[in-house]
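Asks: If you scroll down you'll find the structure; I have some questions about it.
FYI, it's all coordinate maths here, none of it is from the lab. All values derive from a computational prediction rather than experimental measurement. Positions of Cβ are backbone-derived with ideal geometry, glycine not excepted, and every protein chain shown enters the neighbour counts.
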Amino acid sequence: MITRVKIADIATQRGSGVLITVGLGSCIGTVFYDSKSITAGMAHVLLPDSTQFNSKKQNAMKFADTALPLMLDNMLKKGALKKNIVAKIAGGSKLFEFNTPDGKTEISVGEKNIQAVKKTLKHMGISLVAEDVGGTFGRTMKLFVDTGKVEISSLEGYKKLF
Amino acid sequence: MATILIVDDTAFMRMTLKNILEKNGYEVVGEAEDGVQAIEKYKEFSPALVTMDITMPNLDGISAIKEIVKHDADAKIVVCSAMGQKSLVIEALNAGAKDFIVKPFQPDRVLDSLKKFQ
Amino acid sequence: MDKNSLKPEQIDILKEIGNIGMGNATTSLSKMLEEKIKMDVPEVSLISLSEVPELVGGPEKPVAVVFSKALGEVSFFIIFLMPEHSALNIIKALTDGETNEFCYMGRSVIREVGNIVGAAYLSALSFLTNYTFKQTPPILAIDMAGAILGTIFAEADLADDTLLLIKTILNTELTDFEGYLFIVPNWEKFKSIVEILGLELEE
């Protein structure tokens, strides 16, 4: 089964199949994997921090600080054990050069997202075992559920497997 | 041959203007990509004429016009901008621009305008 | 934002804003390309963030996007999106065939096209509302539609998951070009424009 993860979306799956998220720009694709129970999760995180907003109808799957704990919960419900789970991340690139009025370059949302995801992982006690972040191009992230392998690709033919 | 400074943040528009102007006997003495460069190059080359874009990084065209006019009250600046809003046209003319041409333009529109100020 | 928070008459006004703005933008583009351009009737929708890439052929589709912010009494995003082959065709058409790749000059052609289309849209909107809009220098990205749109939504710091979207599609025959213009306003603030125009329509 191939499951597509859209922007601000989470999917979890057990046993076999592929989780895929297409077109990560400044967003971060975060993968959780428990190789003992063969349980996988993927989140497509848009923004670093939910606490900056006080809207009532927030989508928890959009922010690093809320999406990752939610994904962990979903995996635990599917039978994963937290101590077995490791994380892999991809994305956080900078597709546009945004300048402030005084000509200085701002820290990109991509960079903020990378930092926020890493901080959240640390806080949750989940170890980050592989990453492919930054740069100036968009990525597609595929997770093969049976092996836990992640494949990254870009339009320009860039490929990475980890 | 009248000297001219081209100010526009897009290389394509600078090339288009340069082609039109050089074919019609102007000497392009400099090109600037933003308002800051425009002021520097105006002081460096003292061109007879300037074409000025409005929306640019670092310093916009209207602010650049004000600075250039402060330095040289006789500066002859013609705005070439896609921003055709009435209030912005008035703002540019008040800042000291002599004319305002809205992109996309016909080459003759630019040449006719520049001729008036030579 | 509630899916039902747009009244039919408000949708009509938003369509009209799209129509007049795009009419002006289309005229500008048609002058540049020296050919007729067909414009579809603008569609106004409240749409979930994650569905926007689907509107342009899916998140993986290679596209060129020119993006700028309109700043004024009301601020919003202007997104001009072209499929990659359309962007290449327009580069070729505007450089008389001298350039047909995303080199420095090619990218600059696309940025200028986006600039002119966006500015023409703002001119029409300014004429309608008497508001003045300034525009940030347009920036360009060429990549997967999903990656670019996701990055723009992140820049927008959107608290909501739903966007108000005014979408117009442009088509040409000679140049084989297709473009999408998205206006992404902050609905709370954009309301005032709708109110101004609503009053005028009643008169």
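Asks: What are the lysines whose alpha-carbon lies under 16 Å from the alpha-carbon of residue A:77, with same-chain residues fewer than 8 places away excluded?
Replies: A:36
Asks: Let me ask you something else. How big is the C-alpha Rg of the range B:3-112 next to the rule-of-thumb value 2.2 N^0.38 Å, as a ratio?
Replies: Here the Cα radius of gyration is 0.94 times the empirical estimate.
Asks: To the nearest 20 debye, what is the magnitude of the charge dipole of the range B:3-112 about its Cα centre, counting +1 on the Cβ of each Lys and Arg and -1 on the Cβ of each Asp and Glu? Mind showing how you got there, number by number?
Replies: On the way: 12 positive and 18 negative charges, 49 e Å.
Charge dipole, the range B:3-112, about its Cα centre: 240 debye, nearest 20.
Asks: For chain C, what is Rg from Cα atoms divided by 2.2 N^0.38 Å, rounded to two decimals?
Replies: It is 0.99.
Asks: Under 8 Å for C-alpha pairs, at least 6 residues apart: give me the relative contact order for chain C, rounded to a whole percent.
Replies: Rounded, it is 34 percent for chain C.
Asks: Ok, one more. Report the Cα centroid-to-centroid distance between the range A:1-40 and the range C:166-182 in angstrom, as an integer.
Replies: About 34 Å separates the Cα centre of the range A:1-40 from the one of the range C:166-182.
Asks: Using only helices, what value at 222 nm comes out for the protein assembly as shown when you add -39,500 (n - 2.57) per DSSP H run of length 4 or more and divide by the total residues, to the nearest 500 deg cm²/dmol?
Replies: -12000 deg cm²/dmol
Asks: Quick one: how many lysine pairs does the range C:8-202 have with C-alpha atoms less than 15 Å apart and a gap of 8 or more or different chains? Give me the count, please. Kindly include the intermediate steps, with their values, before the conclusion.
Replies: Working: C:15/C:167; C:15/C:191; C:38/C:167; C:69/C:134; C:69/C:189.
Lysine pairs meeting the criterion: 5.
Asks: Given A:109, A:8, A:145, which one lies farthest toward the positive end of the charge dipole of the range A:1-157, if we put +1 on the Cβ of every Lys and Arg and -1 on the Cβ of every Asp and Glu?
Replies: Among A:109, A:8, A:145, the one farthest towards the positive end of the dipole of the range A:1-157 is A:145.
Asks: Can you bin the range A:4-162 into rounded, prolate or oblate? Criterion: square roots of the alpha carbon gyration tensor eigenvalues sorted a ≥ b ≥ c, rounded for a/c under 1.5, prolate for a/b above b/c, oblate for the rest. Don't jump to the answer; show the numbers that get you there.
Replies: Details: a/c = 2.05, a/b = 1.37, b/c = 1.49.
Judged from the Cα gyration tensor, the range A:4-162 comes out oblate (a/c at least 1.5, b/c at or above a/b).
Asks: Sticking with this structure for a sec: Can you find, among A:22, A:70, A:92, the residue farthest towards the positive end of the dipole of the range A:2-161? Put +1 on the C-beta of Lys and Arg, -1 on that of Asp and Glu.
Replies: Comparing the listed Cα positions along the dipole, A:70 ranks first.
Asks: Along the charge dipole of chain B, pointing to its positive end and built from +1/-1 on Cβ of Lys, Arg, Asp and Glu, which listed residue (B:26, B:118, B:77) has its Cα farthest out?
Replies: Most positive-ward Cα: B:118.
Asks: Over chain A, calculate the relative contact order: mean separation of alpha carbon pairs under 8 Å at least 6 apart, over the residue count, as a percent.
Replies: It rounds to 27 percent for chain A.
Asks: Here's another thing I want to ask about it. Taking the DSSP beta bridges in chain A as the whole, what percent of them are antiparallel, to the nearest 5?
Replies: 75 percent
Asks: In the calculated pair distance distribution of the range C:13-85, what percentage of Cα-Cα distances lie above 17 Å?
Replies: Here the tail beyond 17 Å accounts for 60 percent of pairs.
Asks: So which residue, out of C:49, C:125, C:88, gets the largest mean-square fluctuation from a GNM of chain C using Cα contacts under 10 Å as springs?
Replies: Among C:49, C:125, C:88, the largest GNM mean-square fluctuation belongs to C:49.
Asks: Kindly work out what percent of the DSSP beta bridges joining two residues of the protein assembly as shown are antiparallel, to the nearest 5. Kindly include the intermediate steps, with their values, before the conclusion.
Replies: Details: 71 of 97 bridges.
The antiparallel proportion sits near 75 percent.
Asks: In addition: Which log10 I(q)/I(0) values does the protein assembly as shown give at q = 0.09, 0.13 Å⁻¹ under the Debye formula, counting every alpha carbon as one identical point scatterer?
Replies: -0.66, -1.17
Asks: What does the charge dipole of chain C about its Cα centre add up to, to the nearest 20 debye, if the Cβ of each Lys and Arg holds +1 and the Cβ of each Asp and Glu holds -1?
Replies: 360 debye
Asks: Expressed as a rounded percentage, what relative contact order does chain B have, with Cα pairs under 8 Å and six or more residues apart?
Replies: 23 percent
Asks: Using only Cα atoms, locate the centre of the range A:107-162 and the centre of the range B:46-100, then give the distance between them in Å, rounded to an integer.
Replies: When both Cα centres are located, 46 Å separates them.
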